[in-house]
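Novice: Pasting a structure here, questions to come.
The values are calculated or read from the model by the stated rules, or taken from the named source; none is laboratory data. The structure displayed is predicted, hence computed values, not measured ones. Neighbour counts run over all protein chains shown; Cβ positions are idealised from the backbone, glycine included. Surface areas here come from the heavy atoms of the whole protein model, side chains and all, with no ligands, DNA or RNA. Shrake-Rupley method; radii C 1.70, N 1.55, O 1.52, S 1.80 Å.
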Amino acid sequence: MSEAETPEMSVLERDPILAGLLGSTPPCMTQEEATRLLKERYGIDAALSEVACERDQNFHVMASDGREYVLKISNPQEARVTTDFQTQGILWIERHDPDLPVPKLVPTNDGEYQTPVTLSDGRQSMVRVLTWLQGDPLYKVEITPAIETAIGNVLARVGCALRDFSHEGAKQELLWDIRHARRLKSLLHALPQDVIGLTIREELAYYSVEVQPRLAGLRHQVVHNDLNHHNLMVSPEDRSRITGVIDFGDMVETCLAIDVAVAASYLADHPVDALGSVARMIAAYHQVTPLERTEIELMRDLIVMRLVTSITITEWRAQRYPENGAYILRNNGPAKRAMAGFASLDRNQVTARLLLACGLE
């Protein structure tokens, strides 16, 4: 082991799924460079403003003709197959459910939906332009039964649209895919020895023995895998209408039930009725895509494991990259509140409530 290498670094680098957390320096294109790229490759005259992003670089594009876009410059470390997987997935959704409120890809002057670019530091990135979806981010909006129902409906529709989609990049291993939650053990040192830290350790131990072995028997397909409240836009005029589902960067082939659990985990910090909020969303999903009994029986533990994953990864990354801590920890507080509340509910009672909500009890 070299002087610069720590035991933690050694563990992370040996496990490819953990090595992805180390990342590389995000691209750093100037506004002038981005403006010139848009004009030369897309024929778009525009004013740009940068949008916060952890690994990539994004610009909000205000075109001279009034249209709005997102210019996305991928992290140079991202494999080309991964970028293409996301690109093809978005195109697939447009073909199979064109009315879904997801971004549409804009082709270059040559008809390409992604184009390589050499950054000023010599690294290579892939560039894409997508339509900008109007609306207010859900995290700024009051959560109501109507929006809980809308979340379940739109998530099920995205899942339906992706059902038959396949791609060589779909089987990539992501630590944000909670099938791999057992591999979080190498990051547990980042958690404090408080009540939540101890609960996370207990939940992870239970999951590894009681839940993980059952996942192979569940339905699998490509899913969005990150329907958090920063990735949903709602209409300013009608708070029950979702106008945007964005960010397909964590899309992966995994258990269908995991996609539902991820979305549910962001409702599990409801200050008054977390279980009711989760149950309403899952019931709405079930109306579009009926869930199997086994999927619902595991749902409580899948939801909690997403909370475990969110807290553990963000705590570790915020300690390692403090300069970007505010962005990294944006969902950390709600996840901790949900761990303190929803995760403390009786496991059997949660399952019974979800089965009842879906008409299976």
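Novice: Check every one of the helices (runs of 4 or more DSSP H) wholly within the stretch 253-353 and list those with 2 or more residues that are over 16 Å from the mean Cα position of the chain (by Cα). Spell out how you get there, then give the answer.
Specialist: On the way: elements: 256-265, 274-288, 293-297, 299-320, 325-328, 332-340.
Ranges flagged: 274-288, 293-297, 299-320, 325-328, 332-340.
Novice: Let me ask another. So which residues in the stretch 48-65 are open to solvent by less than 60 Å² (accessible area, probe 1.4 Å) and either of a type outside the set (Val, Ile, Thr) or free of Cβ contacts under 8 Å to residues at least 60 places away in the same chain (or both)?
Specialist: Leu48, Ser49, Val51, Cys53, Glu54, Asp56, Gln57, Asn58, Phe59, His60, Ala63
Novice: Scan Ala161, Ala150 and give me the residue that is among the small types (Gly, Ala, Ser), over 21 Å from Leu267 (Cα atoms) and either at pLDDT 95 or above or out of contact with any helix residue (DSSP H, G or I) (no Cβ under 7 Å at 6 or more places or on another chain) (or both). Talk me through it step by step, then tell me what you get.
Specialist: Numbers: Ala150 fails: over 21 Å from Leu267 (Cα atoms).
Ala161 is the lone residue from the list that is among the small types (Gly, Ala, Ser), over 21 Å from Leu267 (Cα atoms) and either at pLDDT 95 or above or out of contact with any helix residue (DSSP H, G or I) (no Cβ under 7 Å at 6 or more places or on another chain) (or both).
Novice: A further question follows. Which is at negative phi and in contact (Cβ under 8 Å) with a residue 60 or more places away in the chain, of Ala326, Ala284, Ala264? Step through it out loud before you land on a result.
Specialist: Values: Ala326 fails: in contact (Cβ under 8 Å) with a residue 60 or more places away in the chain; Ala264 fails: in contact (Cβ under 8 Å) with a residue 60 or more places away in the chain.
Only one candidate passes the filter, namely Ala284.
Novice: Still on this model: Restricting to the stretch 234-243, name every residue that is surrounded by fewer than 22 Cβ atoms within 10 Å (Cβ to Cβ) and either of a type in the set (Phe, Trp, Tyr) or part of a strand (DSSP E or B) (or both). First the steps, then the outcome.
Specialist: Let us first name the residues in the stretch 234-243 that are surrounded by fewer than 22 Cβ atoms within 10 Å (Cβ to Cβ), namely 235-241, 243.
Thr243 - this is the single residue of the stretch 234-243 that is surrounded by fewer than 22 Cβ atoms within 10 Å (Cβ to Cβ) and either of a type in the set (Phe, Trp, Tyr) or part of a strand (DSSP E or B) (or both).
Novice: Let me ask another. For the stretch 194-212, name all the residues that are farther than 15 Å from Ser310 by Cβ and polar (S, T, N, Q).
Specialist: Step one: list which residues in the stretch 194-212 are farther than 15 Å from Ser310 by Cβ, which gives 194-195, 198, 201-202, 205-206, 208-212.
Scanning the stretch 194-212 gives Ser208, Gln212.
Novice: Something else about it: From the set of residues in the stretch 92-109 that are open to solvent by 20 Å² or more (accessible area, probe 1.4 Å) and not in a loop (DSSP other than H, G, I, E, B), which is nearest to Gln124 (Cα to Cα)?
Specialist: Taking the stretch 92-109 and keeping what is open to solvent by 20 Å² or more (accessible area, probe 1.4 Å), we get 92, 94-99, 101, 104, 106-107, 109.
With not in a loop (DSSP other than H, G, I, E, B) added as a condition, the list becomes 92, 94-96, 106.
Working: Trp92: 26, Glu94: 28, Arg95: 30, His96: 32, Val106: 20 Å.
It comes out as Val106.
Novice: So which residues in the stretch 3-41 are within 15 Å of Arg55 (Cα to Cα) and modelled with pLDDT of 75 or more, if there are any at all?
Specialist: The answer is Thr25, Pro26, Pro27, Cys28, Met29.
Novice: Applying the selection to the stretch 319-361, what residues are more than 22 Å from Arg201 (Cα to Cα) and touching a helix residue (DSSP H, G or I) at 6+ places or on another chain (Cβ under 7 Å)?
Specialist: The answer is Tyr321, Gly325, Arg353, Leu354, Leu355, Ala357, Cys358, Leu360, Glu361.
Novice: Here's a follow-up. Just wondering, is there one or more residues in the stretch 206-221 that are within 25 Å of Lys72 (Cβ to Cβ) and either modelled with pLDDT under 95 or buried (at least 19 other Cβ atoms within 10 Å of the Cβ) (or both)? It would help to see each step written out before you state the result.
Specialist: Step one: filter the stretch 206-221 for residues within 25 Å of Lys72 (Cβ to Cβ), giving 221.
Okay, now just the ones that are also either modelled with pLDDT under 95 or buried (at least 19 other Cβ atoms within 10 Å of the Cβ) (or both), so none.
Within the stretch 206-221, not a single residue is within 25 Å of Lys72 (Cβ to Cβ) and either modelled with pLDDT under 95 or buried (at least 19 other Cβ atoms within 10 Å of the Cβ) (or both).
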